[in-house]
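Input: a single structure, listed below in structure tokens.
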Amino acid sequence: MSTQDARIETLQIGAGVNSWIVGDDDEVIVVDPGTDAAAVLAAVGDRVVLAVICTHGHRGHCGAALAVAERDGSPVALHPADRQAWRDVHDTAPDIDMEDGGIFEVGDVTLEVLHAPGHSRGSVCLFCEELDVVFAGDVISETGPVAR
């Protein structure tokens, strides 16, 4: 049986927004960096940010995406159906257009993109079988679907 080094760290950034850092002691992927790049980067520490993934384009989830990505020259990923919401926050386009079934790898785990329109046209979830978790953004919360 193999050991797994990857782990999930959760930050609460802003009102009701979870930010997640997925990875190991060397490299991470930041999911939904919220609006406070300094807080996210403090939690990341000296680990390399491989990518910043936004589950959707609303300010509370993607506001700090470019600033977090800038430190290590990392790409930012967003589903193309949320480009308009992104443009309401940023002048620069994201680097990666995520599609259903896309894959991101960090440490010894894989994050699979699941397009889940509803909260927004481009909402995605990220499924990680190895960590037995789905990062749902605002598709669903502990109280049910998040209306929009």
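The values are calculated or read from the model by the stated rules, or taken from the named source; none is laboratory data. Computed from a prediction, not measured in an experiment: that's the story for all the values here. No Cβ is skipped: glycine too gets one built from the backbone with ideal geometry, and neighbour counts run over all protein chains shown. Ligands, DNA and RNA are stripped out before the accessible areas are found, and what is left, the full protein with its side chains, is counted by its heavy atoms. Shrake-Rupley method; radii C 1.70, N 1.55, O 1.52, S 1.80 Å.
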**Prompt:** Residues of region 76-117 being assigned to a loop (DSSP other than H, G, I, E, B) and open to solvent by 60 Å² or more (accessible area, probe 1.4 Å), which ones?
**Reply:** Asp88, Asp91, Thr92, Asp95, Glu99, Asp100, Asp108, Pro117
**Val68 being in a helix (DSSP H, G or I) and closer than 17 Å to Trp86 by Cα** = yes
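Residue-wise test of (1) closer than 20 Å to His115 by Cβ; (2) touching a Lys or Arg at 6+ places or on another chain (Cβ under 9 Å).
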| residue | (1), (2) |
| --- | --- |
| Asp25 | no, yes |
| Thr35 | no, yes |
| Arg47 | no, no |
| His58 | yes, yes |
**Message:** Filter region 123-145 down to the residues that are among the hydrophobic types (A, V, I, L, M, F, W, C) and at pLDDT below 60 and list them by number.
**Reply:** none
**Prompt:** Looking at this structure, is Gly14 open to solvent by 10 Å² or more (accessible area, probe 1.4 Å) and at pLDDT below 95?
**Reply:** yes
**Fill in**
Taking region 8-34 and keeping only residues that are part of a strand (DSSP E or B), touching a residue at least 24 places away in the same chain (Cβ under 8 Å) and farther than 20 Å from Ile96 by Cβ, one is left with Ile8, Glu9, Leu11
**Residue pairs meeting the criteria (Cβ under 6 Å; at least 6 apart or on separate chains; first in contact (Cβ under 8 Å) with a residue 24 or more places away in the chain and open to solvent by less than 10 Å² (accessible area, probe 1.4 Å), in region 35-57; second in a helix (DSSP H, G or I) and among the β-branched types (Val, Ile, Thr))** = Val40/Val68; Val52/Val68
